[in-house]
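J.: Input: one structure, supplied below.
The values are calculated or read from the model by the stated rules, or taken from the named source; none is laboratory data. Just so it is clear, the model here is predicted, and its values are computed rather than measured. We place every Cβ from the backbone using ideal geometry, glycine too, and count neighbours over all the protein chains shown. The accessibility values were calculated without ligands, DNA or RNA, using every heavy atom of the protein model including side chains. Shrake-Rupley method; radii C 1.70, N 1.55, O 1.52, S 1.80 Å.
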Amino acid sequence: QVQFVESGGGLVHPGDSLRLSCTVSRISFEIYPVAWYRRVPGKQRELVATVDRVGTTHYTDSVEGRFTISRDNAKNALSLQMNSLKPDDTAVYFCNTDPPWSRWGQGTQVTVSS
């Protein structure tokens, strides 16, 4: 079964940066568009950023200009560089394909608080 393992979250102050990492296994990673999602308790999971097979990226409006998604097909890895973090970015972040598989990883908690 496909497996997603996220890491890199933490507790930071507004304006700080974090870099999230994800490794993907048991699928042909290079053929899939992949994405970062986030979930806040009580809300639906939100698509944050995507990158397709050739590196074209898309971002939800709230993170445009602050977040950068990238992929390394040789390592089956996905990253999300998050700059100028805001309290509204607080969430559990997940990686998956786009559209997503039904199986999800544990996610990594990002908390932005003063």
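J.: Determine the share of the chain's accessible area contributed by carbon and sulfur atoms, expressed in whole percent, with a 1.4 angstrom probe.
T.: The value for the chain is 47 percent carbon and sulfur by accessible area.
J.: Can you pull the semi-axes for the chain, root of five times each eigenvalue of the Cα gyration tensor, sorted largest first, whole Å?
T.: With the √(5λ) rule applied to the chain, the semi-axes are 22, 15, 12 Å.
J.: Once the piece of chain linking GLU64 and HIS13 is laid out straight, how much longer is it, given 0.36 nm per residue of separation minus the C-alpha distance between them?
T.: 16.4 nm
J.: Turning to a different aspect of this structure: For a quick check, take a GNM of the chain with Cα springs below 10 Å and name the residue from LYS75, LYS43, LYS86 with the largest mean-square fluctuation.
T.: LYS43
J.: Does a label point 7 Å from the Cα of GLN3, set along Cα-to-beta-carbon, have any residues of the stretch 73-99 with amide nitrogen under 15 Å, and which are they?
T.: Within reach of a label on GLN3: 76-77.
J.: Here is a follow-up. Would you look at the GNM of the chain, springs on alpha carbons closer than 10 Å, and say which of ALA91, ALA35, ALA74 moves the most?
T.: Result: ALA74 has the largest fluctuation of those listed.
J.: Please figure out what share of the DSSP beta bridges in the chain is antiparallel and state it in percent, rounded to the nearest 5.
T.: Percent antiparallel among DSSP bridges in the chain is about 90.
J.: Whole number in Å², please: accessible area per residue of the chain, 1.4 Å probe, ligands, DNA and RNA not counted.
T.: I get 54 Å² per residue for the chain.
J.: Specify the residue with the greatest mean-square fluctuation among GLU46, GLU30, GLU64, computed from a Gaussian network of the chain linking alpha-carbon atoms under 10 Å apart.
T.: In this elastic network of the chain, the residue with the biggest mean-square fluctuation among GLU46, GLU30, GLU64 is GLU64.
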